[in-house]
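Data first, discussion second: the structure below is written as structure tokens.
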Amino acid sequence: MTSMVALEGLTYRYPGADAPALRDVTLEIEPGELVLLAGASGSGKSTLLRTVCGLVPHVHGGEVSGRAEVAGMDVREHGPGELAASVGTLLQDPETQIVMGTVRAEIAFPLENRGEPPAAVARGVEEAALALGVAALLERPTHELSGGELQRVALAAALGGRPALAVLDEPTSQLDPVAGDELLSLLRRLNEQWDTAILLADHRLDRALPAADRVIALADGAVAFDGPPPDFLAWAAEAASELLPPAAQLFADAGLRPLPAGVKAARAALRAHGLLEPGGDAGAPSAPRRRHARAKRGPKPALRLRGVWQEFPGGAAALRAVDLVVAPGERVALMGRNGAGKSTLLRVARGLLAPTRGRVELAGPMALLLQHPGDYFLRDRIGDDAPPEVLEAAGLGDRADRHPRDLSGGERQRLALALVAAGSGPGDPAPAVVGLDEPTRGMDHARRDALAAELQALAARGAAAIVATHDAELAAAFADRVILLGDGTVAADGTPAEVLAGGWYFSTETARILGGAGGALRPEQGAALLRERLSLPEEVAT
């Protein structure tokens, strides 16, 4: 049987780079395999995917050695256009893949390029739109779409022709919890029903791991692990604990074995240990409710929205009569489904969009990092966009000569965040509000925790931090307040324990496992409940 992907001794170095991005990579992926690519930010995952779809070396240049064949084609001899007949690709920045003016035209474009007859093109568009949940968007202009909607449209275009291999880089990074789960279900159906091979890189291992047949972990550009998910969890617990998803981290912290790949396995194991009632929770009391600090009298708000509407021609509204007060030093996670109005709220607050009704009041400047970090780089060297101290703050002090496109998605995100946090220039006032839109796209767990610490430090200096995110783990790590938007209105507003504990979708994995017991949102909190509140027997806690 011919392998779908065959790499042997593959080593690749970006132009001007001191060290290879890939080192002696040897692996094969067979038709019908669903392979999860894991590793820290900058470990080589995106570079490996770029190689498989032909962007390396044809677009990025650089030096390549070893063998790399995809669908029987040598990637050094066949470029992305030829490989596209067999490979559907979604990159970390889906907005850069959108080339047509409407959603229908975007999904049809790759099918038309392959010379499909009109009837096949129309069928492919309808099937892809139905599968990805974008049928209602088919006539929408692509420039009006949210980041999550753009991601689904780009994925529909990549999968519309039923490629033999799907190469996906962080495909759930901008999707709400329901859309992310539906995407993984779709990929599994493609894999099972059409024998589609899937190579998927994702930092959200809690979503992807239960669906994977195999995990390949990269470290410093080399293959550090290659095997089935249970073996990966056992390896990561000993060699790379930062890669453990929350369910496995919860069990590891509590001393329970074996480590589960997801919520279902974790709850089953807890029931077997007598720590979870069938259909219930862990039995610990709920976290006490507390009156939020925003209700107290205090200094002038950092941000106030008074009856804000944001309406589009034709009557649609992204924001509907939003009243919102954010105090100096508050740490706010802004959550909600795709299209709920999160990005629009941040843009209106910053002044990038003028509200059609209502008023916005700011106590001082607002710094805003948008969803597209590539927009912050205008030159061919990142050192020309960012001074040395900003590069050091982003952990990229040794990469000043790199082109922005040669950075991983997580590295671009970190650098754009460091640029925004640095402010406009020396002597300028510090921002009263710092807004971030989906900042953890492409970030590993360690960098996400570092971001949470940075946000807490900003708040300690008096700046309000408002983060639009689908990442409940980030919200639990940094926020003291969670605002849930629904259809342009505030649906819920409370502490993280009040909003995120015990839910189905807007919830952390730990909370879903324990049913919200004790308001535990993070693995270390859940482990403390299991071991201390539930009197975990010593023979279990080994």
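The values are calculated or read from the model by the stated rules, or taken from the named source; none is laboratory data. Keep in mind it's a predicted model, so treat the numbers as computed, not measured. Note that each Cβ is placed from the backbone with ideal geometry, even for glycine, and that neighbours are counted across all protein chains shown. Please note that ligands, DNA and RNA were not included when accessible areas were found on the heavy atoms of the full protein model with its side chains. Shrake-Rupley method; radii C 1.70, N 1.55, O 1.52, S 1.80 Å.
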Karplus-derived 3J(HN,Hα) from phi for region 349-360 (6.51 cos²θ - 1.76 cosθ + 1.60, θ = phi - 60°), whole Hz, x at Gly and Pro, runs 4, 6, x, 6, 10, 8, x, 6, 8, x, 9, 10
Heavy-atom accessible area per residue, the chain, 1.4 Å probe: how many Å²?
41
Check: the chain dipole with +1 on Lys, Arg Cβ and -1 on Asp, Glu Cβ, in debye
2260
Using a basic spin-label model with each label point 7 Å from the Cα along Cα→Cβ, how many nm lie between Leu378 and Gln193?
4.9
Amide H to amide H, which residues 5 or more places from Ala492 or on other chains are under 5 Å from it, using H placed in the peptide plane?
Leu484
Using a Förster distance of 45 angstrom, determine the FRET efficiency expected from the C-beta separation of Asp231 and Met100, and round it to 0.05.
0.55
Potential extension, Glu389-Thr26 segment - 0.36 nm per residue separation minus Cα distance
126.9 nm
For region 444-502 and region 357-385, write down the distance between their C-alpha centroids in whole Å.
19
Calculated FRET efficiency, Ser65 and Ala272, Cβ-Cβ r, R0 45 Å, to nearest 0.05?
0.35
Ala119/Ala457 FRET efficiency (R0 56 Å; Cβ-Cβ; nearest 0.05)
0.45
Per 0.36 nm of contour for each residue apart, how much would the distance between Arg306 and Ala422 grow if the chain were fully extended, relative to their Cα-Cα spacing?
38.8 nm
Phi angles of region 18-30, converted by Karplus (6.51 cos²θ - 1.76 cosθ + 1.60, θ = phi - 60°) into ³J(HN,Hα) in whole Hz with x for Gly and Pro, give 6, 10, x, 7, 10, 10, 6, 7, 10, 6, 10, 10, 8
Just subtract the alpha-carbon distance of Arg359 and Ala321 from 0.36 nm times their residue separation and send over the number in nm, one decimal.
12.7 nm
Can you pull the percent of the chain's accessible area that's carbon plus sulfur, 1.4 Å probe, other chains left in place?
50
Which ³J(HN,Hα) values, rounded to whole Hz and listed in residue order, are derived for region 507-515 from phi using the Karplus coefficients 6.51, -1.76 and 1.60 in 6.51 cos²θ - 1.76 cosθ + 1.60 with θ = phi - 60°, glycine and proline given as x?
7, 7, 5, 4, 5, 5, 5, 9, x
